[in-house]
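Notes follow once the structure below has been shown.
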Amino acid sequence: MNLKNINVKFIGLIISFSLIIPPNYGLDFLGINFEDIPVIFLFVVLFYRKLTNLTITRFDKTFISFLILFIFYSNIFTQNFQIFNQTNIRFYFYFLLAYLCVDLVKNSKYGIIGVFEPLSIVMVANFIVAIFQIQLPGTIDGWILNNTGSTNPFTSGRLGGFQGGGPNVIGLICSISALVCLFKVLKSKNILLNLKDNKFNTILLIISIFNLYITYSRGSYIAFFAGSLVILFYTETFNKKSKIIISVFIILSSGVVIYIFPSIFLKQSNRSFLNNLGINSVELFVGTGGGNYVKEVYKDYLVTLNDDELFDRFNIEYTEADKEANKKEVESEVDEETEGYLKLSFDYRDGILPRSVVSFYHSSDGNNWLQIGSDHTSGLIINLLENDSYFELGGWGDGQSPGGSYLDGFVKKIEIKVGVESFEYVLSSGNRDTEYYIYLPMTEDFYDNRNDGKIVYTEAGLQLKRPRSYWVAIPNQTSITEKDFDIILQLKLNNIPKGNETLFSQSSIINNSELVNNQSWKWSVVDGRMYFFWVDDIVSGYSNFLGGQSLRSGKLISENGKFSSIISDFSISQYDEITTSHNGFLTMAVEYGLFPVMLIILFLLIIIYKNIGSKNELELSLMLAFLTQNLTNDIIYSPDVAIYFWIIPTYMMSNLFKD
């Protein structure tokens, strides 16, 4: 190989080639596999080239000083020192490879755009994956099916990419490719002529945007949007007035898109919850050590797994002291009586946002409420089926409590708040057949004490019975469809429900009109976790739900005879949740301390500021895109895009030195 003929496009080609090699195949030596070999080869070639053409500039001295300081800091100021820490080594590798690329980039007629142009290979390969819905062995690789059975690429799943980082990583790569194509278009003097004549760039732009869209990665959408605004700001194709008009149009169009497709942008996310967990683990100078973010931040959750499962999936081991100090064992006893208040809060339209939000609460006095977990939303407006029949205490009338399960205990009072209206129902013996009704199961026949057994009342309220005994109907005095409402239950349970049990529902078999509307929604508790189920149509039944076993959901427990809640137990189904939703700099702050991360961020901001008035509009655009997505995904840790991330600021920094 003639090293003199190596140019910047060679760098881009090698990196792009590594992005179409499926991950985790081959060597598995110190975390190295087949997909890493092209980049390692590139490193060896560039390192040899640097040594054979060695000249020391001020930029070289500055960079090497930074690298030495980071190596020193990342090994000394950590709680868990390891000589061959894989995460540390990867960071050193990214920094050094970015540094080695700079010489070729600076001396190339193509500039930094030459590094990104070969991404066309990656775009075409992923376009084929999407069109033919090619699935790869990994859970977030290739085409990720959503189990709808559809063959439509817009509805059957999402693009996860070859590289193994999942939709967010391939989404960012698509954003970068689209920004490079867009830059070429807006750099031309005649946009329409460029789109017509440069057919390859036009087709690649379309493919990149198509691939980006079907990743359904909100972070990638925002990254592309941010980068596009920078390119638009710098382009000379439009005058100032036109730029303002276009910017306003883009912003308004984005608002319309969010309104039309709210589930993409407004669906519930665990990121804020997970970021708060990370923030609580940050120290100023000392970090947990490279690669220990998950082990430290999610310790309270992961200690609930058995040791073999923990080591096989996460390569993590905890000491007995860790387990004793962090494992929360406040589960209620099977037969422990628990009393208090439970509340379901349904927000039909969350402020001005086109989405409905469901929340769950508990209280000991009915006035001071504590939330069980966090808010839940699908990102869509939930239009509950119009239903003028009775509400049900439980779901026994039409068998909505699976397996014959039922709420075991007493209910004293029910309060239904709809807008400014409030309806209260006290389940006393004197109020029977006026404020509420008791029917025989699966019928419209009133329950007869003389023939069917005595109804039991105590100070705790009406005793609930098995489904084959009776069911309780609550009058429906107002429509709750397209309205905010709260359901409050005062109850005393013999135990925290362990099965799938309905608390309250609107699924009565008794209709007050000729409408077939015996199903609408139900509020259930499944193994201590709250769920809200609703029906889109009678045929599909209760196929939609919010709540569940997410880390943010919380779990209802009994504590000293009162309702309380704890964080949910961890399950392997939540693996992707805790490994893909991190702010990159927050992850770095946990592992290396806040101080060095603040210095790196300050350095990046200075570099951006110093280049604002320059002609480095593409670099600024790409840099902003990377930084934007790094807020929601730890991009600087991803082996697939980290090298791209660090090349840009390293190149921009080198331009500030005049040797």
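The values are calculated or read from the model by the stated rules, or taken from the named source; none is laboratory data. Only a predicted model underlies this, so the values are computations on that prediction, with no experimental measurement involved. As a convention, Cβ positions derive from the backbone with ideal geometry for all residues, glycine included, and neighbour counts pool all protein chains shown.
Within region 11-36, the set of residues being at negative phi, touching a residue at least 12 places away in the same chain (Cβ under 8 Å) and not in a helix (DSSP H, G or I) comprises 19, 20, 21, 22, 23. Residues in region 601-610 that are farther than 10 Å from residue 649 by Cα and touching a residue at least 12 places away in the same chain (Cβ under 8 Å): 601, 610.
Restricting region 193-221 to residues that are in contact with a helix residue (DSSP H, G or I) (Cβ under 7 Å, 6 or more places away or on another chain) and aliphatic (A, V, I, L, M), the residue that is nearest to residue 633 (Cα to Cα) is 212. The condition (being under 26 Å from the mean Cα position of the chain (by Cα) and farther than 21 Å from residue 225 by Cα) is satisfied by just one residue among 621, 638: 638. Based on this model, can you work out whether residue 215 counts as more than 21 Å from residue 620 (Cβ to Cβ), in contact with a strand residue (DSSP E or B) (Cβ under 9 Å, 6 or more places away or on another chain) and surrounded by 16 or more Cβ atoms within 10 Å (Cβ to Cβ)? So residue 215 passes the test.
Counted as qualifying within region 204-313 are the helices (runs of 4 or more DSSP H) with 2 or more residues that are under 30 Å from residue 349 (Cα atoms) and of a type in the set (Ser, Thr, Tyr), namely 218-234, 240-260. Against the conditions (1) among the small types (Gly, Ala, Ser); (2) within 21 Å of residue 502 (Cα to Cα); (3) modelled with pLDDT under 85; (4) surrounded by fewer than 17 Cβ atoms within 10 Å (Cβ to Cβ), residue 366 satisfies every one except (3). For the residues 356, 401, 405, the requirement of being buried (at least 21 other Cβ atoms within 10 Å of the Cβ), at pLDDT below 85 and within 29 Å of residue 567 (Cβ to Cβ) singles out 401. Among the residues of region 165-193, the ones that are in a helix (DSSP H, G or I) and hydroxyl-bearing (Ser, Thr, Tyr) come to 2 in all.
Among (1) at pLDDT 90 or above; (2) touching a Lys or Arg at 6+ places or on another chain (Cβ under 8 Å), which single condition is residue 3 missing? With (1) at pLDDT 90 or above; (2) touching a Lys or Arg at 6+ places or on another chain (Cβ under 8 Å) applied to residue 3, the lone miss is (1).
Considering (1) in contact with a strand residue (DSSP E or B) (Cβ under 9 Å, 6 or more places away or on another chain); (2) modelled with pLDDT of 90 or more, say which one residue 640 fails and leave the rest. Unmet for residue 640, out of (1) in contact with a strand residue (DSSP E or B) (Cβ under 9 Å, 6 or more places away or on another chain); (2) modelled with pLDDT of 90 or more: (2). Between a residue in region 424-436 that is in the same structural domain as residue 461 (by TED's automatic domain parsing) and surrounded by 15 or more Cβ atoms within 10 Å (Cβ to Cβ) and any residue that is part of a loop (DSSP other than H, G, I, E, B) and at pLDDT below 90, which pairs come within a Cβ distance under 8 Å, given they are 6 or more apart or on different chains? That search, which allows pairs on different chains as well, returns 425/475; 432/455; 435/475; 436/475. None of 217, 254 is among the polar types (S, T, N, Q) and farther than 26 Å from residue 131 by Cβ except 254.
When we screen 102, 39, 124 for residues that are closer than 24 Å to residue 208 by Cα, surrounded by 18 or more Cβ atoms within 10 Å (Cβ to Cβ) and in contact (Cβ under 8 Å) with a residue 24 or more places away in the chain, the only hit is 39.
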